[in-house]
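Contents: one structure, followed by commentary.
The values are calculated or read from the model by the stated rules, or taken from the named source; none is laboratory data. Quick caveat: nothing in here was measured; it's all calculated off a predicted structure. Heads up, the Cβs are rebuilt from the backbone with ideal geometry, glycines too, and the neighbour counts pull from every protein chain shown. These area figures cover heavy atoms from the full protein model, side chains too; ligands, DNA and RNA do not enter into them. Shrake-Rupley method; radii C 1.70, N 1.55, O 1.52, S 1.80 Å.
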Amino acid sequence: MTVETVGVVGLGAMGLPMARELGARFRVVGYDVDDARCERFEATGGEVCESPRAVADDAAVVLLSLPSDDAVRSVALGSDGVVAALDRGEVLVDTSTVSPGVTDALADACGAAGVGFLDAPVHGGPRNADGGTLTFLVGGPTVTLDRVREVLDPMAETVHHVGGHGTGIALKLASNYVFGHQQLALCEALAMARAAGVDDETFAAVVPDTGGDCYALDRNMERFVLPGRFDPEATGRIVRKDMELAERMASDAGVPLLSGGVSHVYRYAERVGLADLDTAALIELFEFD
């Protein structure tokens, strides 16, 4: 499959830098409900379309980068959706983090229309998207991935083919669930250390050499906690959404979550004003002075 034009629907914190990386190799068309985002996309050389359907009319491969189940359903499904506008043999790639039920609906709709489909959620924040160093977790047929690998490569440091339809999103939710627990455990541990008189710099320097080392520690301390700034890369609101999706997936599969529903902690953090800060700001729940 020779791809000349790629479409991106959703030009937010992830979709816009992904589109920029694609622009070095392909003609890129896109759409977003936010006019300001469309203007930023156009300023980078992208071509703005009037609707998601128009994106699919113009592109052989369409990527979705959207924030919720409802947004993906609205854009992709129905008579005016992306799937209906794609021709047989063209491909839809959903990079969003959504529920397995939505992924199943997309796979079914694409299959009925003769359109290729991959669930390909990404790991890495806007800084990775901007540098083309994302990790893709891809679910779907090998033949479909092979057809669009040239599209994924400019955005990716690593592309993992993890299985058939639905396995990409399942692994993304499972790994995000681990991260959500790490975040909470890190904040609790840091609060303990502070109470015992250990300063944050010592905590950040020593714990990586112990069994307490983890991704959340590496991510949070130098970039957020030590400078005391929580400009969002992964907002508390988004992490709460992902934790809820993971907990629902476990419930649907009959898997007991013995450590409890951590999404409630993130929901509480939203209620006290941390929703739109980076998720590292969860540490503020433990500042009692």
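The numbered conditions (1) open to solvent by 80 Å² or more (accessible area, probe 1.4 Å); (2) among the acidic types (D, E); (3) within 22 Å of V138 (Cα to Cα) are all true for E90 except (1). Among all residues of segment 199-207, there is none that is closer than 23 Å to R127 by Cβ and within 20 Å of the chain's Cα centre (by Cα). Residues that are touching a Cys at 6+ places or on another chain (Cβ under 7 Å) and surrounded by fewer than 21 Cβ atoms within 10 Å (Cβ to Cβ) within segment 48-64 comprise V48, D58, listed in sequence order. Apart from one condition, G197 fits all of (1) modelled with pLDDT of 95 or more; (2) touching a helix residue (DSSP H, G or I) at 6+ places or on another chain (Cβ under 8 Å); the exception is (2). Pairing each residue of segment 191-209 that is open to solvent by 80 Å² or more (accessible area, probe 1.4 Å) with any residue that is in a loop (DSSP other than H, G, I, E, B), provided the two are 6+ apart or on different chains, yields C-beta distances under 7 Å for E201/L226. Consider A76 carefully, then state whether it is in contact with a Leu (Cβ under 9 Å, 6 or more places away or on another chain) and crowded, with 21+ Cβ neighbours inside 10 Å. Taking the combined requirement at face value, the residue satisfies it.
Restricting attention to segment 236-270, the residues that are open to solvent by 50 Å² or more (accessible area, probe 1.4 Å) and over 22 Å from D69 (Cβ atoms) add up to 4.
Only a single criterion out of (1) at pLDDT 95 or above; (2) open to solvent by 60 Å² or more (accessible area, probe 1.4 Å); (3) small (G, A, S) is not satisfied by A71, namely (2).
Report yes if D146 is more than 15 Å from T95 (Cα to Cα) and in contact with a helix residue (DSSP H, G or I) (Cβ under 9 Å, 6 or more places away or on another chain), otherwise no.
When the stated conditions are applied, D146 does not pass them.
Sort out which residues of segment 135-161 are closer than 30 Å to P256 by Cβ and surrounded by fewer than 18 Cβ atoms within 10 Å (Cβ to Cβ), and write them in order of number. Once the filter is applied, which keeps residues that are closer than 30 Å to P256 by Cβ and surrounded by fewer than 18 Cβ atoms within 10 Å (Cβ to Cβ), segment 135-161 yields T135, H160. Within segment 12-38, residues that are more than 15 Å from E150 (Cβ to Cβ) reach partners that are β-branched (V, I, T) and open to solvent by 20 Å² or more (accessible area, probe 1.4 Å) with beta carbons closer than 6 Å, at six or more positions or on different chains, in the pairs R20/T44; C38/V48.
Among the residues of segment 106-134, those that are within 21 Å of D242 (Cα to Cα), touching a strand residue (DSSP E or B) at 6+ places or on another chain (Cβ under 6 Å) and either open to solvent by 30 Å² or more (accessible area, probe 1.4 Å) or of a type in the set (F, W, Y) (or both) comprise H123, G124, N128. F179 fulfils the conditions (1) in contact with a Ser or Thr (Cβ under 9 Å, 6 or more places away or on another chain); (2) touching a residue at least 60 places away in the same chain (Cβ under 8 Å); (3) open to solvent by less than 20 Å² (accessible area, probe 1.4 Å) except for a single criterion, (3).
Applying a threshold of 7 Å to beta carbon distances and a minimum spacing of six or more residues, or different chains, the list of pairs starting in segment 270-289 at a residue that is closer than 15 Å to N220 by Cβ and ending at one that is of a type in the set (S, T, Y) and not in a helix (DSSP H, G or I) reads L277/T235; D278/T235; T279/T235.
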